[in-house]
1. Can you compute log10 of I(q)/I(0) for the range A:258-397 with the Debye formula, treating each Cα as one identical point scatterer, at q = 0.13, 0.20 Å⁻¹?
2. Sort out for me the Cα centre separation of the range C:193-229 from the range A:460-512, rounded to whole Å.
3. Give, ordered by residue number, each residue of the range A:231-252 whose 1.4 Å probe accessible area is reduced by a minimum of 50 Å² on adding the remaining protein chains to the chain alone.
4. In whole angstrom, note down how far apart the Cα centers of the range C:131-164 and the range B:222-278 are.
5. Sorting A:Lys508, A:Lys386, A:Lys167 by accessible area (1.4 Å probe), largest first, what list results?
6. Antiparallel versus total DSSP beta bridges in chain A: what percent is that, nearest 5?
7. Indicate the residues belonging to the range A:93-133 that lose 50 Å² or more of solvent-accessible heavy-atom surface (probe 1.4 Å) upon moving from the chain alone to the assembly of all protein chains, ignoring ligands and nucleic acids.
8. Tally the DSSP beta bridges in the range A:269-498 and give the antiparallel ones as a percent, rounded to 5.
Amino acid sequence: MKRVILTTLIALALAKGWAGAGPSPTAGFLRIAIPREEGSLNPYTYQSGYPGWLLMTLVYDTLYYPDLDNVPQPWLARDARPSQGGRVWTVTLRPGLRWHDGRPLTAEDVKFTFEYVKKFTHARWTPQAADIERIEVQDSLTVVFRLTKPVAWFRQLPLADLPLLPKHIWEGVTEPGRFHNTVGSGPYRLVEAQPPQFYRLVANDAYFAGRPRVRELVLPIVADASVSFNAMQAGEVDANTRYLLPELMAQFQRIPGLRVVRGPGFASTILQFNLEHPLLRDVRLRRAIAHAINTQLMVRLLMLGFAEVGAPGYLHPASPLYNPAVRFVPSKARAVALLNEAGYEDRNRDGIREASDGSPLRFSLLARSGDPIRIRTADLIRTWLKDIGIEVQVRVMDDPSIISLVWPDFDVCKGRRFDMVIFGWSAPVMTRPNALTQMFHSDCRIGTINIGGYRNPEFDRLAELHAATTDARRQRELVFRMQEIVARDMPIHTLFYPDVLLAYWQTKYDGWAFQKGQGILNKLSFVSAPR
Amino acid sequence: MAVAELRLPRPFLRLPVRPAGIAGAGVLAALACVAIAAPWISPYDPASVVAPPFEPPSPAHPLGTNDIGQDILSELIYGSRISLTIGFLAAATAVSLGTLVGVVAGYYGGAVDALLMRLVDLILVIPFLPLMIVLAAYLGPRFWNTILVIAALTWARPARVIRAQVLSLGTLDYVDAARALGASTPRILTRHILPGVLPLSLAQFITAASHAILVEASLSFLGLGDPTAKSWGSILYYAQARSAFLSGAWPWWVLPPGLLVTVTALSFALVGLALEERLNPRLRYRHSGAALQTELIRN
Amino acid sequence: MWRFFVARGGQYVLVLLASATLNFALPRMMPGSPLLFLAGEEVGRLDEGHRRELVRRLGLDRPLWEQYVRYLIDLARGELGTSFQRGRPIADLLRERISWTLLLMGTGLLGATAAGVVGGTWAAWRRGGSTDVGLLFTAMALESMPSFWLGMILIAVFGAHLRWFPIFGARTPGVPLEGTALLVDVARHLALPLVTLILVTAPGTFLVMRYAMLQVLGEPYIATARAKGVGERSVLFRHAMRNALLPVCTVFMLNLGFVASGATVIETVFSYPGVGRLMYEAVLNRDYPVIQAAFFVVTLSVMAANALADLLYPLIDPRVRDGRR
């Protein structure tokens, strides 16, 4: 027995000795944890909007690039001038641009890229190129786009979204989803891809906007959230693309050398109604439900205060087109009053109100199983609605199952089969100029994310006017009025917008640039904007 | 399947098996009492938000609060209801089905036996995780579906064991005699076979309950159980999802539920052991390959 | 004798076919389209034509029976297809991942078997004494513990708190290492998952070994050896243990079947990049080809292990050769 104890002690001592034996990185080398594999990081194989698109833009460039306020600024292009009311756009490239393999980047590559994405379907790029009728190369630096109709925000979509592909490499590629070449023009080159473990990017010293400030980026893939934060705490990674969990804020803020930045987040958590449901069609019922939900308390409980209370017009208060005149203050008393006024009473004394035709106010509320905060949100809503006589059954399912009920095949035209669902849209949706149109237009070809099936001719009219005008002031006016309608009709109830919380080791690198609503992983953290 | 016969000469002789079994039964009884008396002994309603979230233990909340301010001790007390019920019901269903199949296969033999045993092999081979996801998607990850799925995958081992027992009983002389005298099949089954098999079924039930509790915890932890039914496994799910390990909350949020699962499963196992030892110490265990496989499926 | 093998063989083929069919049907029964994970939210902006093209490219629009036939043909040819989500050949995926699973489960098996053999022998030798009771109780307690819980406690104590071991992955990412440094790095990352796996698997082997040793120790020839004055040590190692190793071999061979499927839960908890984790991720992403391929590999290995056990058993244990039931 004594020998056993002795051996164990020796073994433990040896193990302890290993503790410091991990290999340490050299200077100029940053490790940034990412949550998932992103294919081969080229435009046709990257996987996620966040952080996939951002990582991909480290290797590939766009003609314009959003600055820290999400306003597109010239990047590869020197400028883009509209004419004919926005129906023709002339884009001029900077001179002297090169691909990673040294070949020059010219207008031919621009024309090639746009035509390629029209030909080879990509869920994100192809719709952006849909309005382009013809592309003309005037000289090696000038490209003219002729559109089928005037588009006011061409600089943003597609110029600040679609990255350029090298013609000399992609010409003749017929299966882009299986093509793993990563020669781009960006500040970094992908030198090693070892999914599911990591990606390795090395700085492109000949980059036109100047040498990137960090020599090498290693991106370990850490699929599990707590593991990635644990690794951060232990110093095994220097930054994390995952947003820090609210419950870790206090602790991380106390760690010397670790910096936490906090900013408004544009991703949203919403309560989505099915507007085709016989009972939920009644706006008074929807408003009553909204009044019963104490969003302030929700933000305190679920997000520990690290979120912004939802605005009734959907747009975030920090968003440039936010209409401050549209407010909503929930009140339980008002909820009860509304229900009584609208004739929803508990006639049979079973604790649940019924409509005038006798149907009980009983609904199912879907929530995604991989997301504990959403499940807790649903649970809280259930408790609060029970208090005012509405029975809610929370049904937790995995994401694909929810999508099949709520947004079958991602086609709003295919209908819907649900009552209510806790849903959410990612940050880029908020920054799209036509966000509200996509969310609420009744034509399923235009309102491509109108998953509730909302129909309002007044709103449709405003949305169409908005798409047709290029005058910035008029656009703003129209978007303000659209928010008023949304706030009045409540096809969705915006609950909150989680703040962007990001942590990084200040001692390793402090040059991060925070892009509003999105985060620190963008080109501007490594290179300055070209003049 | 390969069959190795191990004749076991009272492997637990000289060991305090009976006291262990009694201790196990005692613990289970205590847990059952806690489950029944939950509304009276629980300090708070586990569904109510009673304090700020992530509170460490204090006199008001001996095990602190969880991520939305619910009392963890109350969650554990009520959790015993869910976990014990699921374990009990799943095991009962599984063993009933398994006994039925085992008896039919062992008694009739021939093509029926071959077919049923091939089915058993198939069950033992089905990857467990995706099947749960299918059912959860169609039926919803709810209480009854968890029971159904656990039962659907754990009836196979009891079937094998019961079949082996029936085979050994079926060759006994008095069964042959009864048959020769023209006794009808149901009569033989109920009067002769079933009594010989029931004690073993009971032992299998106890073992199955032990496994069912563990499986339910794993399913809930992976997020495949019903997160709104507060079982011990779902407490662990939220603890893991809300970084209990990082924030130092794990001693009071993670240790207790896991410990309760372990203690319950262990108690069932001890009772099962005592039962098997007492029922028939000279029981011949036919360790077929497949039976051993099921032990490993848990991992 | 060989009629037995043919009949058995036929049954195995039947089971394989049935599991292949089940593997094909299962993912198809799951609601939800893989398009989400291929194209993200942006898919909502595609028009019908482009969406149909995506579906066509993925082969999802062919009639079910045609997909089934192609599936079987591909399977027979050993062609596993391409992952929807990752755009890479599945054979590559499996090859990358299987080496880590084999490493983890292989060392785990060896460790668990060694621990079980040593423990079982010791317990049988000291039968009825406090050591025996202690070991039995420990074994039963370990078997009653949820493996993920044990893993997380180890992470919390040894990984997060004491910082003795790294807590995720199989290697330190991005740092190219050679020779001993590489071995040390891999070993450090393997430590915690391995310990968890051993703690969870050893009890099974321990119990089998203990039973077997008790049986052997009760045999007449052991009594004879003792009577002849052979030392206790010698009795244990030269006579008893060798014969008790037979069932342990069976356990070992059967465990082999599960090596390929990986301990999903343990791999998930430790973010260890193995096949178990791959399967779980593929199911959540509805990556049909990966699910099918992974299932098939698991089924095949289990059947192979069973077949191997069936073949070898009569050779090893003469008692089984007669009286097949």
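The values are calculated or read from the model by the stated rules, or taken from the named source; none is laboratory data. Not measured: the values here are computed from a predicted model. With ideal geometry, Cβ positions are generated from the backbone for all residues, glycine too; neighbour counts draw on all protein chains shown. When the accessible area is computed, the model is the full protein with side chains, heavy atoms only, and any ligands, DNA or RNA have been set aside. Shrake-Rupley method; radii C 1.70, N 1.55, O 1.52, S 1.80 Å.
1. So the normalised log intensities work out to -0.63, -1.33.
2. Cα centres, the range C:193-229 to the range A:460-512: 70 Å.
3. A:Glu236, A:Glu247
4. Between the Cα centre of the range C:131-164 and that of the range B:222-278, the gap is 13 Å.
5. Numbers: A:Lys508 85, A:Lys386 145, A:Lys167 60 Å².
Listed by decreasing accessible area, they come as A:Lys386, A:Lys508, A:Lys167.
6. Values: 54 of 70 bridges.
In chain A, DSSP labels about 75 percent of beta bridges as antiparallel.
7. Flagged in the range A:93-133: A:Thr121, A:Ala123.
8. Around 60 percent of the beta bridges assigned by DSSP in the range A:269-498 are antiparallel ones.
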